[in-house]
Amino acid sequence: ESSTGVISNGIGHLVKIDAPASSSTGRGLDSLPVIPDKFDLTVIDKTKDQFNTLRKLMARDDVTRIVNAC
């Protein structure tokens, strides 16, 4: 951390997309593609600590820009 920036890492995937309920898919080609109105995300247990660290950093008042440099 310096006066001009804060650097952290993501250590791989931090969240996963929750798939829509299987009851609404697989009933024929007319049901495809399945595109939900909203994509729900779930934090991955293995990387929960790093997710929480990044969330706290991003919520700081002095953080005005976020760069994902993966």
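Between residue 44 and residues 5 or more places away or on another chain, which pairs have amide H atoms under 5 Å apart, with H built 1.01 Å from N, and which residues are they?
Sorted by chain and number, the residues that satisfy this are 15, 16.
Calculate the dipole size of the chain relative to its Cα centre from +1 charges on Lys and Arg beta carbons and -1 charges on Asp and Glu beta carbons; express the result in debye to the nearest 20.
My answer is approximately 80 debye.
What's the ranking of 46-59, 3-16 by average number of surrounding C-beta atoms within 10 Å, highest first?
Ranked by mean Cβ neighbours within 10 Å, highest first: 46-59, 3-16.
Determine, for the chain, the count of lysine pairs separated by eight or more sequence positions (or lying on different chains) whose alpha-carbon distance falls under 15 Å.
Taking the chain as the scope, the lysine pair count is 4.
Using alpha-carbon pairs under 8 Å, 6+ residues apart, how would you state the relative contact order of the chain in percent?
After rounding, I find 36 percent.
What do you get for the angle between helix 48-58 and the principal long axis of the chain? Use alpha-carbon atoms, 0 to 90 degrees, nearest ten.
The angle comes out near 60 degrees.
At 222 nm, what helix-only mean residue ellipticity would the chain give, in deg cm²/dmol to the nearest 500, using -39500 (n - 2.57) for each DSSP H run of four or more?
Helix contribution divided over all residues of the chain: -5000 deg cm²/dmol.
With the full set of protein chains in place, find how many percent of the accessible area of the chain is carbon and sulfur; take the probe as 1.4 Å.
54 percent
The values are calculated or read from the model by the stated rules, or taken from the named source; none is laboratory data. On a predicted model such as this, the values are computed, not experimentally measured, just so you know. All Cβ positions, even for glycine, are placed from backbone atoms using ideal geometry, and neighbour counts span all protein chains on display. The accessibility values were calculated without ligands, DNA or RNA, using every heavy atom of the protein model including side chains. Shrake-Rupley method; radii C 1.70, N 1.55, O 1.52, S 1.80 Å.
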